[in-house]
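The values are calculated or read from the model by the stated rules, or taken from the named source; none is laboratory data. Computed from a predicted model, the values in this text were never measured in an experiment. Using ideal geometry, Cβ is built from the backbone for each residue, glycine included, and neighbour counts are taken over all protein chains shown. What goes into the accessible areas is simple: the full protein's heavy atoms, side chains included, and nothing from ligands, DNA or RNA. Shrake-Rupley method; radii C 1.70, N 1.55, O 1.52, S 1.80 Å.
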Amino acid sequence: MVVHSAAERVLAGLDPEQRSAVTAPAGPVCILAGAGTGKTRAVTSRIAHRALSGDISARHVLAVTFTARAAAEMRARLSALGVGGVQARTFHAAALRQVRYFAPRLLEGRAMPELLDSKVRVVTLAAAKVGLRADRAAARDLAGEIEWAKSSLVEPGEYVVAAAKALRETPYEPAKVADVFAAYERLKRGNGVIDFEDMLRAAVWGIEEHADVAEQVRGQYRHLVVDEYQDVNPLQQRLLDAWLGGRDDLTVVGDASQTIYSFTGATSSYLVDFPRRYRGATVVRLVRDYRSTPQVVGLANAVISQARGAEARLRLELHGQRPPGPEPDLRIFTDEPAEANAVAARCRALIDGGTPAREIAVLFRTNAQSEAYEKALTEAAVPYVMQGAERFFERPEVRQAMIALRAATRSIPGETPLPVAVVEGLAAVGWAPDAPPAGGAARERWEALAALVQLAEEYAATPEVVPIGEAVAIERPVTLGDFNEELARRAAQQHVPTVEGVTLASLHSAKGLEWDAVFLVGLAEGTLPTTYAKTPEQVEEERRLLYVGITRAREWLWLSYAAARSPGGRARRPSRFLPQLDRSGGGERAGGGAARRTERRRAQVVSCRICGATLLAGADRKLGRCPTCPSDLDEELYERLREWRQRVAGAQKVPAYVVFTDATLTALAERKPGRTEELIAIAGIGPRKLGLYGDTVLALVAGAGVDEVCPQKSFEI
């Protein structure tokens, strides 16, 4: 009785969908959990409920996830629910534990090989073996390709074909990458070391090839739970299958709309195909969002509703559970410095208004975008911290570039235009202003150095004013030496240590985190989606990145882009993923000096008058409410409007919808405008129809009969 009452207490406070997930019968269970819907609570409550009700023993549960932080959170929640003994670990930690335990038996007394912390050093040696000189960035990209191949169960001899099928953008010609891959494997074996993928493979091999190991592992782990299942790669899935051994007591949790790591080998196909693989599986959808306001949730739904492809089949329409909050702020600026300065000013205002700096985040597509925000926040006296990356001036390539630029002052003539001098100086570190190289790390290195060139162009646009006498001054072009001093000043400012601050992070590194206020910046075509997204699948992953960014915000959300990268630069368009921006008002019109001023144009945001959510679909905006919110239609008024429309259409000999559509009539009967301003706020009523029908419609809303306002021949032509 005590046991069952403890199990019942676990169910307290769960919503109906969470309760369904927790109480689902033993066997295959797929929990499709949208952002902010309480997935960790649901999955830990499921484990606890089963353990406390006597259905399972906690020590027979293995729960795996992808980060040590998530595993620690699982253990803490289970402990708070009164359940101990569950093994909650990352895939790698679980595999390492098993391999170490069985090593004496599998290796016949030999010592377990040392585990590599990083592939880069061995990859650099392997590249040299096959005639390639790979710097650190190139070595990181080669290591990434090897990791992708091994995670995808691809051997060196299969790499060229597999990379072509997967449309991989390889750092070198694929055959060369395959050569490096093969050399890397030989070097590892020769040195008696293994990498993380080898360790996962060893765990698989131990179970698949040794019946006694399989029996012991499966006897220990009888109930499997996998978090973030959309991020599983083929090697991890094979290990999971080995653990299961044909059994089906498996609970998986995931969200296909948050699949953003396919470049590492992760695939949502296992999540998408789960109901087909496990016939009769229980599928539960968690859609109540407890993290974000209805306004943020509405925008997230609008962005992901346009998704296409396999992942879109499992997209969830979230329903915000929090009280209404401010509308998302959508802004356009003339250039990136103006955008960064505005973001910094708003961060300063939020902090001054009582929002803790740690509850604010500025999120961007690539780490190379961070420098402008580091500078702007520093100048606004706003402390900041970097998430998942080094500060701009602490990056190795930037430090090397600054050394090269200081050295270049001795060889480059002083009259050389600054941008040209910087490009020539960066040649010493292998940078050239042509197309960026393939590969993520090499491209990011190129973009960081390109940011220095952009800084030089901006700095050169403000010549120094030098006094030469009383009330007389001349403009002196800035030199490379001046620029080096400016870089040193910025680096010194940004190296001030901070304990707490605004988070600067890429969209990838922000996944799994949340803040009260989120700034999504640089939302321009070519940046999000990146120009490197060539295929429909790659473009869809970029859309999901924006969705992940939006769903990080609890209450306050800012989305912005700069019309040009630098002052006076080439114009660019907003991201195709953004809702349509209204460019008709606010800010300065283009032309003359006004075009150089900061331009802040708001999106035309319409809120649901029932729940406050942001409305972006045309029909919803016309009605002024979500399609799922209750209608407050005045049926008697609606019928009078329909009868009036029928008479007018008959008199004019046009279809009824030409006068007003059904949606417009519904909006009129729901919103019941009493003034001209309220009437024209309804989509579908423009100046022409206002002139033709405005007074009549207002009279009908006020209670006039159809015969009073519409004599039979009033509208005959």
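Observations on the structure shown:
- Residues in segment 56-73 carry Karplus couplings, in order, of 9, 9, 4, 6, 9, 9, 10, 10, 10, 9, 10, 10, 4, 5, 5, 5, 5, 5 Hz; the curve used is 6.51 cos²θ - 1.76 cosθ + 1.60 with θ = phi - 60°, and Gly or Pro positions show x.
- Gained length - residue 8 relative to residue 215, 0.36 nm times residue gap less alpha-carbon distance: 71.1 nm
- Hz values of 3J(HN,Hα) by residue in segment 333-350 - Karplus curve (6.51, -1.76, 1.60), Gly and Pro given as x: 10, 5, 7, 5, x, 5, 4, 5, 5, 5, 4, 4, 5, 5, 4, 4, 5, 4
- The gain in end-to-end length when the residue 488 to residue 434 segment is fully stretched comes to 16.8 nm, 0.36 nm per residue minus the alpha carbon separation.
- The chain - percent of accessible surface contributed by carbon and sulfur, probe 1.4 Å: 52
- Of 20, 66, 31, farthest towards positive along the dipole that unit charges on Lys, Arg, Asp, Glu beta carbons give segment 1-76: 66
- A simple spin-label model places the labels of residue 277 and residue 707 7.2 nm from each other, with each point 7 Å out along Cα-to-Cβ.
- Sequence-separation-based contact order of segment 10-119, relative, with Cα cut under 8 Å and 6+ spacing, percent: 21
- Taking all protein chains into account, the per residue accessible area for segment 59-117 stands at 54 Å² (1.4 Å probe).
- Note on residue 269/residue 570: beta-carbon distance plugged into 1/(1 + (r/R0)^6) with R0 of 51 Å gives a FRET efficiency of 0.80.
- Counting only Cβ charges, +1 for Lys and Arg and -1 for Asp and Glu, the dipole size of segment 140-214 around its Cα centre is about 180 debye.
- Cross-link pairs beyond the 24 Å C-alpha cut-off, checked among 39/150; 653/689; 119/176; 375/534: 39/150; 375/534
- Relative contact order (%) - criterion: Cα under 8 Å, at least six apart; region: the chain: 14
- Environment charge at residue 259 (Cβ cut-off 13 Å; Lys +1, Arg +1, Asp -1, Glu -1): -3
- Computed with a 1.4 Å probe over protein heavy atoms only, the accessible area of residue 53 comes to about 40 Å².
- Whole-Å semi-axes of segment 317-400's equivalent ellipsoid (Cα gyration tensor): 26, 16, 14
- Other-chain or far-sequence residues with amide H under 5 Å of residue 317's (modelled H): none
- With both labels modelled 7 Å from their Cα along Cα-to-Cβ, the residue 525 to residue 661 distance reads 2.5 nm.
- Antiparallel %, DSSP beta bridges [both residues in the chain], to 5: 20
- Fully extending the segment from residue 133 to residue 313, taken as 0.36 nm per residue of separation minus the present Cα-Cα distance, adds 60.3 nm.
- Here the dipole of the chain is about 980 debye; that uses its Cα centre as origin and unit charges on the Cβ of Lys and Arg (positive) and Asp and Glu (negative).
- Stokes-Einstein D in µm²/s, Kirkwood radius over Cα pairs - segment 1-64 at 37 °C with 0.692 mPa s viscosity: 270
- When the Cα positions of 254, 538, 691 are compared along the charge dipole of the chain, 254 comes out farthest toward the positive end, with charges on each C-beta of Lys, Arg, Asp and Glu.
- Computed over the chain, the P(r) tail beyond 38 angstrom holds 50 percent of alpha carbon pairs.
- Simple spin-label estimate for residue 72 and residue 427 in nanometres, 7 Å along Cα-Cβ: 5.0
- Within segment 382-430, GluC sites (Glu not before Pro) in DSSP loop having at most 14 other beta-carbon neighbours inside 10 Å: 390, 415
- For residue 226, distant residues with modelled amide H under 5 Å away: 64, 251, 252, 253
- Which of 6, 349, 90, positive extreme of dipole for the chain (C-beta unit charges): 6
- For segment 336-381, the per residue solvent-accessible surface stands at 33 Å², with DNA, RNA and ligands left out and a 1.4 Å probe.
- Close amide H contacts of residue 87 (hydrogens built in the peptide plane, cut-off under 5 Å, sequence separation of 5 or more or a different chain): 61, 63.
- Estimated FRET transfer efficiency when R0 is 30 angstrom, pair residue 447-residue 205 (beta carbons, to 0.05): 0.15
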